[in-house]
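*Asks:* To start, I am sharing the structure in question, which I have written as structure tokens.
The values are calculated or read from the model by the stated rules, or taken from the named source; none is laboratory data. Just so we're clear, the structure is a prediction, and the values are computed from it rather than from any experiment. Because the Cβ atoms are built from the backbone with ideal geometry, glycine has one as well, and the counts that use them run over all protein chains shown. Only protein heavy atoms, including side chains, enter the accessible area calculation; ligands, DNA and RNA are left aside. Shrake-Rupley method; radii C 1.70, N 1.55, O 1.52, S 1.80 Å.
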Amino acid sequence: MQAVVLEEFQEPLTVQDVDRPEPEPDGAVAEVVGCGVCRSDWHCWQGDWDWFGYRPDPPHVLGHEPTGRIVAVGEDVETVEEGQAVAIPFNFACGICDRCRNGRENICDNHVGLGFMNEAPGAFAEEVHIPHADINAVALPDTIDAETAAGCGCRFMTSFHAMAHRGPVHAGDDVVIHGCGGIGLSAVHIANALGGNVIAVDLMDEKLEKAEELGAVATVNASEVDDAAGEVRAITDGGADVSADALGIETTCRNAVNSLRKGGTHVQIGLTTSDEAGMIPLPTDDFVAKEIDFHGSLGLQPSRYSEMLDMIESSKLDPAALVEKTVDIHGVPDELAAMTDFNTLGIPVCTDFSS
């Protein structure tokens with residue numbers, strides 16, 4: 001089968017023929033219907049995140065935002081069946097550790113990152129293996145097919161967890177999103193659906209215009225003001241209730257924290273680059289004096305996908321509104337290369353894997 005293969009960090013990616021996966025006893029194999037092309041894939045290609053355990057040994061198949069249809073199941077699988085349309089989380093859970101047993105599968109003690117770790121070759125491929133399939137293959141309702149769900153991969157479901165659970169955003173909250181890439185725009189859309197008054201901050205007018213289309217009530221172009229956080233505080237008459245850094249660099253993280261009012265909550269969604277290597281200085285005394293909460297947010301528990309899917313079924317959420325374009329498998333390397341200069345809008349999705 002065809003797959004996008006990382007042969008060497010920062011060198012051009014290639015489409016190659018690789019072996020098709022076989023299901024492990026508790027696993028399943030899905031034909032990939034759609035797979036988002038994400039900046040996290042770009043980070044992996046660049047060789048970032050060794051401090052996070054997300055640096056696979058080349059050669060390695062990339063891709064971590066798939067939906068698909070089950071084509072084979074292992075002998076020990078009980079609930080997943082051939083032919084099912086499924087969403088596939090990127091953060092595979094074991095289902096038996098304390099974290100999983102307490103509904104926090106997204107931070108499973110035995111977590112394996114799809115496309116980011118040797119144990120889980122990625123989904124820029126015709127087929128992908130899903131370990132512990134009864135936990136990690138999320139059946140889609142009949143009203144949402146795999147093609148429609150192709151936009152609700154990592155960026156969308158991660159933003160849902162961040163806004164709905166880790167904020168959490170309540171009706172009437174002022175919410176500021178710093179960084180309007182795919183994950184930031186998803187957060188704008190979701191926070192708006194949850195009843196938040198959303199302010200979007202970015203450097204590019206095109207992305208801010210898209211944020212307004214998705215429900216932002218105000219925008220700030222950080223390249224045109226001296227103090228982006230100050231602008232947000234002025235717009236919100238004192239600061240936002242919830243802030244999010246959807247990029248993962250020092251500037252956006254600090255600006256997001258500095259955008260908050262007293263008693264506010266910051267949600268960190270973006271992971272850092274090699275420049276920060278996981279470490280960003282923050283105004284610690286403000287956390288104390290203003291009683292600000294800092295929450296990390298990783299993925300979405302498979303057991304809570306139903307909340308997101310219910311909102312998609314009722315048309316409160318529309319992941320397709322985030323899909324900028326569709327490409328075939330040979331277009332994936334170019335889409336990732338464009339992310340070096342942040343030259344993508346919304347969520348590109350690969351939908352053709354055999355051309």
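*Asks:* Accessible area, 1.4 Å probe, largest first: how do 355, 159 sort?
*Replies:* Per-residue accessible area, sorted high to low, gives 355, 159.
*Asks:* Determine ³J(HN,Hα), in whole Hz, for all residues of region 253-261 in sequence, where each value follows from phi through the Karplus function 6.51 cos²θ - 1.76 cosθ + 1.60 and θ = phi - 60°; x replaces Gly and Pro.
*Replies:* Values, residue by residue: 5, 5, 4, 5, 4, 6, 7, 7, 7 Hz.
*Asks:* What is the set of long-range amide H partners of residue 84 at a cut-off below 5 Å, with H atoms built 1.01 Å from backbone N?
*Replies:* 70
*Asks:* Further, regarding this structure: Which loop GluC sites (Glu not before Pro) in region 253-355, with loop taken from DSSP, have no more than 11 other Cβ atoms within 10 angstrom of their Cβ?
*Replies:* Details: sites: 276, 291, 307, 313, 324, 335; in loops: 276, 291.
Within region 253-355, the qualifying GluC sites (Glu not before Pro) (loop, at most 11 other Cβ atoms within 10 Å) are 291.
*Asks:* Got a sec to turn the phi values of region 198-208 into Karplus ³J(HN,Hα) couplings, 6.51 cos²θ - 1.76 cosθ + 1.60 with θ = phi - 60°, whole Hz, x for Gly and Pro?
*Replies:* Each residue's phi maps through the Karplus curve to give 9, 10, 9, 10, 7, 9, 10, 4, 4, 6, 5 Hz.
*Asks:* Taking amide H positions as placed 1.01 Å from N in the peptide plane, with prolines and chain starts having none, which residues 5 or more places from residue 243, or on another chain, fall under 5 Å of its amide H?
*Replies:* 176, 265, 266, 267
*Asks:* If N is the number of residues in region 235-354, what value comes out of its Cα radius of gyration divided by 2.2 N^0.38 Å?
*Replies:* 1.32
*Asks:* Continuing with the same structure: Mind giving me the FRET efficiency for residue 75 and residue 107? R0 is 41 Å, r the Cβ-Cβ distance, nearest 0.05 is fine.
*Replies:* Values: r = 29 Å, r/R0 = 0.71.
Working from the Cβ atoms, E equals 0.90.
*Asks:* Helix-only mean residue ellipticity at 222 nm, the chain, DSSP H runs n ≥ 4 weighted -39,500 (n - 2.57), per residue, nearest 500. What is it?
*Replies:* Working: 11 runs with 84 residues, N = 355.
That calculation yields -6000 deg cm²/dmol at 222 nm.
*Asks:* Rounded, prolate or oblate, given the Cα gyration tensor of region 152-302, with a/c below 1.5 counting as rounded?
*Replies:* On the way: a/c = 1.16, a/b = 1.07, b/c = 1.08.
The shape class here is rounded.
*Asks:* Separate question: For the chain, what is the percent of antiparallel DSSP beta bridges, rounded to the nearest 5? Please report the intermediate quantities before stating the final value.
*Replies:* Values: 27 of 54 bridges.
Just about 50 percent of them are antiparallel.
*Asks:* Among 67, 79, what's the order by accessible area (1.4 angstrom probe), most exposed first? Write down the numbers at each step before the final one.
*Replies:* Working: 67 5, 79 85 Å².
Final ranking, largest accessible area leading: 79, 67.
*Asks:* How much accessible area per residue does the chain have, counting only protein heavy atoms and a probe of 1.4 Å, in square angstrom?
*Replies:* Numbers: 14300 Å² over 355 residues.
In whole numbers, the chain has 40 Å² accessible per residue.
*Asks:* With a 1.4 Å probe and all protein chains kept in place, how do 316, 262, 207 rank by accessible area, largest first?
*Replies:* Working: 316 120, 262 155, 207 15 Å².
Heavy-atom accessible area, descending, gives 262, 316, 207.
*Asks:* Hey, another quick one. Quick check: residue separation of residue 274 and residue 291 times 0.36 nm, minus the Cα distance between them. What number comes out in nm? Intermediate values should be presented prior to the final figure.
*Replies:* Values: separation 17, 0.36 × 17 = 6.12 nm, distance 3.03 nm.
Separation in residues times 0.36 nm, less the Cα-Cα distance, equals 3.1 nm.
*Asks:* Quick one: check the C-alpha center-to-center distance for region 183-217 versus region 279-355, whole angstrom.
*Replies:* The distance from the Cα centre of region 183-217 to that of region 279-355 comes to 13 Å.
*Asks:* Something else now. So for region 235-277, considering every pair of alpha-carbon atoms, how many percent are separated by more than 15 Å? Mind showing how you got there, number by number?
*Replies:* Details: 353 of 903 pairs.
Pairs farther apart than 15 Å: 39 percent.
*Asks:* For the chain, what % of the accessible area comes from carbon and sulfur atoms, probe 1.4 Å?
*Replies:* Working: 6280 of 14300 Å².
About 44 percent, which is the carbon plus sulfur part of the accessible surface.
*Asks:* Something else now. Using modelled backbone amide H atoms (1.01 Å from N, in-plane), which distant-in-sequence or interchain residues come within less than 5 Å of residue 260's amide H?
*Replies:* The answer is 240.
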